[in-house]
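The values are calculated or read from the model by the stated rules, or taken from the named source; none is laboratory data. Bear in mind that the values here come from a model prediction, so they are computed numbers and not experimental data. Counting neighbours? That spans all protein chains shown, and the Cβs are built from the backbone with ideal geometry, glycine included. Note: areas computed on protein heavy atoms with side chains; ligands, DNA, RNA excluded. Shrake-Rupley method; radii C 1.70, N 1.55, O 1.52, S 1.80 Å.
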Amino acid sequence: MTKLYVTGNKNLNGHVIISGSKNAALPIIFMSILTDKAISIKNVPDLKDINIALRILICLGARVTFEKVLYIDPSLINNFSAPYHLIKEIRASIWILAPLLTRFGKAKIFFPGGCNIGARPIDLHIKYLTQLGAKITIKNDCITASIKGRFKGQYVLMEKISVGATITLISAAVLAEGLTIIDNAAQEPEIVDIAKFLNNLGANITGAGSNKIYVLGVSQLKGNEHKIIPDRIETGTFLVAAAISKGCIICHKTQPQHLEKVLIKLNESGAKISTGKNWIKLDMRETRPQSLNICTKPYPGFPTDMQAQFALLNVVAKGNGSITETIFESRFHYVTELIKMGARIKIQNSTIQCYEIQSLSCAQVFCSDLRASATLILAGCIASGITIVDKIDYLIRGYESFTKKLNQLGADIKMM
Ligand code: UD1
């Protein structure tokens, strides 16, 4: 497995272009099954997870080309059974279930894979699809589902806010009979982007971005074009890179309004932040950050996907800070690795306490999930010596050209 050699003591400075959002692109790719007309999608990041999703579509019969723009012709999809080895690779593959059911009245898939950040059940996806009329049986690893006719629009009160289950419900409701109301829905910008994509295809979705989404079923969808929103987590990661390295980074082609809580916390840590319509500048030159107290929450709260990066900020900050994780139960694997580098962190149930230290030093560290990978690489950029970051496979799943972009900002990262 590839390792990175990260030379430390760097200030990270300059301009970076933010890629399209992985978490918006993945469900949109699977939703292409809902139409039989060609669609083209711009700003799709070139990532391993995206390529796996496209390979799943190709196995089902779709024609796909992905160069600068992604073209999908779903008209020839003729298979409702998705391949085991690909479905197991990504969590997002659960989003194929509702589109396959809508198109074929039946589907056969397997339990999805994905990052190791907790149990990550799919019970809510199954429960709400059943509520809308699907019959689903799960035997060992295999999910077999069928539906007579169309999904039936319903009022659904989500017992827990779930991004994934909200997306599954929208997929099922788009071509359902009647109105589906999704109450206590996830409000992430990715959900808004998905609704925009589907409305461009002729769907009737209102309320996306609020906690109540109304989906009035239509009889068919057409083809169209769409441009994926910028990746807010990639943006946040580069802003933290500047904040921890006494640097100054300007993120371009991003959307500041999607990062409100992240910017509030960076500002509280002492960063000078300015924003324009599609850029954010964070200036931390010659300033050591102040530690923060953070609690992750569903959007518009502080994102769990920025939790590890801010733990690193706390580790190198003045004072002691704490981070509480409320979304996933097992998202502190990276802590052991940061401790190897000299961090002083204590895990107390779902909270970590970070205590002030003077600096980090190099070590050989192992990545446990996507955001942990980015965090450990950033830690290597500011530690003394050469940090070896091992098991970086997770990184290429979710950050487009991450090491190249960091090297352009002054990092020294080599792949071996
Ligand atoms: C998505 C994002 C991920 C992000 C997360 C929360 C993608 C590909 N991934 O993941 O980057 O960290 O949102 O913002 O978009 N849950 C259940 N049963 C279910 C589904 C979820 O109990 O059927 C629980 C989860 O275990 C978790 C919570 O609900 O504790 C929220 O998970 P959810 O919002 O669904 O996350 P994902 O969609 O998996």
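Carbon and sulfur: what percent of segment 22-227's accessible surface (1.4 Å probe)?
50
Assigning unit charges at the beta carbon (Lys, Arg +1; Asp, Glu -1) and nothing else, what dipole magnitude in debye, to the nearest 20, does segment 1-63 show about its Cα centre?
Around 140 debye, computed over segment 1-63.
Given only helices, namely DSSP H runs of n ≥ 4 each adding -39500 (n - 2.57), what is the per-residue ellipticity at 222 nm of the chain, to the nearest 500 deg cm²/dmol?
Using -39500 (n - 2.57) per qualifying helix, the result is -9000 deg cm²/dmol.
Grab the Cα-Cα distance for CYS142 and ARG63, subtract it from 0.36 nm times how many residues apart they are, and report the gain in nm with one decimal.
Extra length available between CYS142 and ARG63 comes to 25.8 nm.
When every alpha-carbon pair in segment 108-248 is counted, what percent end up more than 25 Å apart?
In whole percent, the long-distance tail amounts to 38.
Write down the accessible area per residue of segment 22-227 in Å², having rolled a 1.4 Å probe over the full set of protein chains.
40
Compute the convex hull volume of the Cα atoms of segment 76-163, divide it by the residue count, and report the result per residue in Å³ as a whole number.
Taking only Cα atoms, segment 76-163 has a hull volume of 107 Å³ per residue.
Taking only Cα atoms of the chain, what ratio of Rg to Rh do you get with Rh as the Kirkwood inverse-distance radius?
Using Cα coordinates only, the ratio equals 0.98.
Please enumerate, by chain and number, the lysines with C-alpha under 23 Å from the C-alpha of LYS261, excluding those fewer than 8 residues away in the same chain.
By straight Cα distance, LYS261 reaches LYS22, LYS160, LYS212, LYS246, LYS253, LYS272, LYS277, LYS281, LYS297, LYS318.
Report the Cα centroid-to-centroid distance between segment 217-268 and segment 39-97 in angstrom, as an integer.
Each part's Cα centre sits 24 Å from the other's.
Give me the angle, in degrees from 0 to 90, between the Cα long axis of helix 370-382 and the longest principal axis of the Cα atoms of the chain, rounded to the nearest 10.
20
Which order do the peptides 250-257, 194-201, 97-104, 177-184 take when ranked by the mean count of other beta-carbon atoms within 10 Å per residue, highest first?
Ranking the peptides 250-257, 194-201, 97-104, 177-184 by packing returns 97-104, 194-201, 250-257, 177-184.
Between TYR155 and THR275, what is the label-to-label distance in nm when each label sits 7 Å out along the Cα-to-Cβ direction?
3.5
Roll a 1.4 angstrom probe over the protein heavy atoms and tell me the percent of accessible area of segment 297-383 that is carbon or sulfur.
It is 51 percent, rounded to a whole number.
List the residues of segment 170-191 whose backbone N lies under 15 Å from a point placed 7 Å from the Cα of ASN204 along the Cα-to-Cβ direction.
Residues passing the 15 Å test: 173-181.
Quick one: angle between helix 232-244 and the longest Cα principal axis of the chain, in degrees between 0 and 90, rounded to 10, please.
0
Gain in length, GLU356 to SER75, computed as 0.36 nm per residue apart minus the alpha-carbon separation, to one decimal in nm?
Additional length available on full extension: 95.4 nm.
Report the per residue volume, in Å³, of the convex hull enclosing the C-alpha atoms of segment 1-159.
Dividing the Cα hull volume of segment 1-159 by its residue count gives 174 Å³.
Mind ordering 62-72, 373-383 by average Cβ neighbours within 10 Å, highest first?
Packing order, densest peptide first, comes out as 373-383, 62-72.
Using θ = phi - 60° and the Karplus relation 6.51 cos²θ - 1.76 cosθ + 1.60, list the HN-Hα couplings for segment 251-264 in order, rounded to whole Hz, with x at every Gly or Pro.
Rounded to whole hertz, the list is 8, 9, 6, 10, 10, x, 5, 7, 10, 3, 5, 5, 5, 4.
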